Amino acid sequence: MKKKALLLAIAATLTLSACSGKAITTDQNTNSDTVTSVSTEKATTDSTSDNTAEEPKSSSDAPSDTNNEEPSSEAGYKQAYKEIIEADREKKASLTEEASYDELAECIDCYWLYDIDKDNIPELLIRYGDCEANYHGMLYSYIDGQATFIDNLSMGHTGFYAVPDENGILSYWGHMGYAECWKMTLNGTELSSEELYSEDINEKLNAGEDVWYKASNEIVPGAYYLDSYDYNNAYPIEMYETITAYAHGKEKSDSESYSFPNNDPNFYTDLMQNDGLVNAVALDQYMNTIGKVPFSNLLEEKQIYDYAPGGLTPLNITYADLNTDGIYECIFYLNERNNPENQYMDYSVILSLQGNDIFAYLNFCPYETSITEDGYFITEPDEYTSERYIKRVLYDREKCFIYSVPSEG
C-alpha cells in the first residue's frame, strides 16, 4: 500500500510538471560562501590554497617517477596516471578505522587533469588529506614516456581554474574574507608562480557592503573553474580528449531538433508512473550505486543516499540532450521537504535510455540555476559567489562524471 500511494503521488506531481524541453530555471542557488564551486567542496563552508605551490623540493624528497614503456602519447600518459592513482587508492583502502590524523592526511582525496603547459598532454594534480586544514597535493607531468613528479602544492581552501590558450593554471585561495590568486606556469620540470590578485574584503563586509572575491575571468580573461574527479573513477582520464573538445568548442550536438526516446513524449513519465526498472549509478561520490531497481526505490529511505528520508517526490522535471544524440534525457530534483519552490535541492537524477536499459545517474546537492536544451548545466553568480559555472555530464552506462567547460556567454 505504501508503494502504491507513493506512485499515485508521483502521478499527481507529473500532471503538474512542465514538459518543455527548453532550458528551465530551477531556482537553486549555490549554497556556499566560497570562491570555488561547491561541487568540489560540498562539506566545507570556506572557499578556494592556503598558499601557492611550495618551493620545489630536492630530488631526494620527491616521490619516484612512475615508469612507463609507452611513448609520450595518449595511451602512455593515461596508463601512467591511472597507475599513480590506483597505488594511492590501494594505500587508502589499506587503512584501518583506527587510522591516525597523519595517516589520513597522506591519503588521496581527489584529482584534476589539466594541460598546464599546453603541449596537448594533461598534467595530473592529486589532492591528499581529509579536510581543508590538511589538504595538500602533488603535480605530475608526462615527460619522455613517464609520469614525472614536478612539485608539491598547497590545496587547502583552494580551487583551480583553467587558463585557456597559454601556459598556466590558476590556483585561487580564499578563506575568511581573504583571497589570493596565483598563476602557475610549467616549463619542462620547472613550476613557477606569479601572484595576480589578493584582497581582504572583511572591512567592506563589516560595513555591510555586498562584496565578494573577484571572479577568475576578471583576473584572467576566459578563465573557468576546473572540476576535480573522484579517485575511484578513472573514466575522466579515459575521456580527456572529449572533455577538451567541449572546452575548445570542437564538440557539440549535431541536432537541430530533439525528440524523446521512441518518439514518445510520455516515455519518462510512464516509466515513473509504472515503476519501471532503472539502473541507478552514483554520479557523485556521496551518492550510492544501487544497481537495477524499480524506479520507486529511488524515492525510498536510505537508498540513493545513506541519510535520505523516504517519501521523496520528483520535482522540477525537465528534458535536455546530454549526450549529443538528439534524444532527450530526463532530469528531475528531490528535496527532503518535497517542496518544488525550495531554493535548494538535495539531490538530482538524470534518466537516460541506453540500449534497452534506462540508467539513473544520482547527484548530490545540485546547484545549477538552469539547463540548456543541448545539455549545459549553468550556475549564475549570486550572493555567495562571483563566478559563473557551466558544466556537462559524460557517461556510458555505469561510467560517468561531471566536468567543467568555459563560462563565457
- Which is in a loop (DSSP other than H, G, I, E, B), at positive phi, assigned by the TED database to the domain that holds THR244 and not small (Gly, Ala, Ser), of ASP210, ASP130, ASP165? ASP165
- Message: Restricting to segment 360-409, name every residue that is of a type in the set (Asp, Glu) and surrounded by fewer than 20 Cβ atoms within 10 Å (Cβ to Cβ).
- Response: GLU373, ASP374, GLU380, ASP382, GLU383, ASP396, GLU398, GLU408
- Message: Just to confirm my filter: which strands (runs of 3 or more DSSP E) fall fully inside segment 344-409 and include at least 3 residues that are closer than 18 Å to PRO294 by Cα?
- Response: 347-354, 357-364
- Can you tell me which residues in segment 327-338 are of a type in the set (Asp, Glu) and in a strand (DSSP E or B)? GLU329
- Query: Restricting attention to segment 204-229, which residues are modelled with pLDDT under 95 and among the aliphatic types (A, V, I, L, M)?
  - Reply: LEU205, ALA207, VAL211, ALA215
- Note on the structure: From the option list ASP109, ASP151, single residue qualifying as among the acidic types (Asp, Glu), in a strand (DSSP E or B) and closer than 26 Å to GLY188 by Cβ is ASP151
- Item | For TYR235: the one exception among (1) touching a Ser or Thr at 6+ places or on another chain (Cβ under 8 Å); (2) within 22 Å of VAL393 (Cβ to Cβ) | (1)
- Test: residue in segment 150-161 that is among the hydroxyl-bearing types (Ser, Thr, Tyr), surrounded by fewer than 20 Cβ atoms within 10 Å (Cβ to Cβ) and more than 24 Å from ALA93 (Cα to Cα): no
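Report yes if ILE121 is of a type in the set (Val, Ile, Thr) and assigned to a loop (DSSP other than H, G, I, E, B), otherwise no.
Answer is yes for this residue.
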- Name the residue, out of LYS250, LYS302, that is basic (Lys, Arg) and either within 30 Å of PRO164 (Cβ to Cβ) or in contact with a Phe, Trp or Tyr (Cβ under 8 Å, 6 or more places away or on another chain) (or both). LYS250
- Note on the structure: Per the list (1) surrounded by fewer than 23 Cβ atoms within 10 Å (Cβ to Cβ); (2) within 21 Å of the chain's Cα centre (by Cα); (3) over 26 Å from THR244 (Cα atoms), residue check on GLY174 breaks on (1)
- Among the candidates LEU394, LEU351, LEU362, LEU334, residue that is hydrophobic (A, V, I, L, M, F, W, C) and closer than 21 Å to LEU113 by Cβ: LEU394
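Go through segment 177-197 and give me each residue that's among the charged types (D, E, K, R) and either part of a loop (DSSP other than H, G, I, E, B) or surrounded by 21 or more Cβ atoms within 10 Å (Cβ to Cβ) (or both).
Residues satisfying the conditions are GLU180, LYS183.
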- Scanning for something on the phi > 0 side of the Ramachandran plot, in contact with a strand residue (DSSP E or B) (Cβ under 9 Å, 6 or more places away or on another chain), modelled with pLDDT of 95 or more and not assigned by the TED database to the domain that holds ALA80, does segment 187-199 turn up at least one residue? no
- Determine which member of the set ASN342, ASN323 is more than 17 Å from CYS400 (Cα to Cα) and surrounded by fewer than 20 Cβ atoms within 10 Å (Cβ to Cβ). ASN342
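The values are calculated or read from the model by the stated rules, or taken from the named source; none is laboratory data. Worth saying up front: this structure is predicted, and the values here are computed from it rather than measured. With ideal geometry, Cβ positions are generated from the backbone for all residues, glycine too; neighbour counts draw on all protein chains shown.
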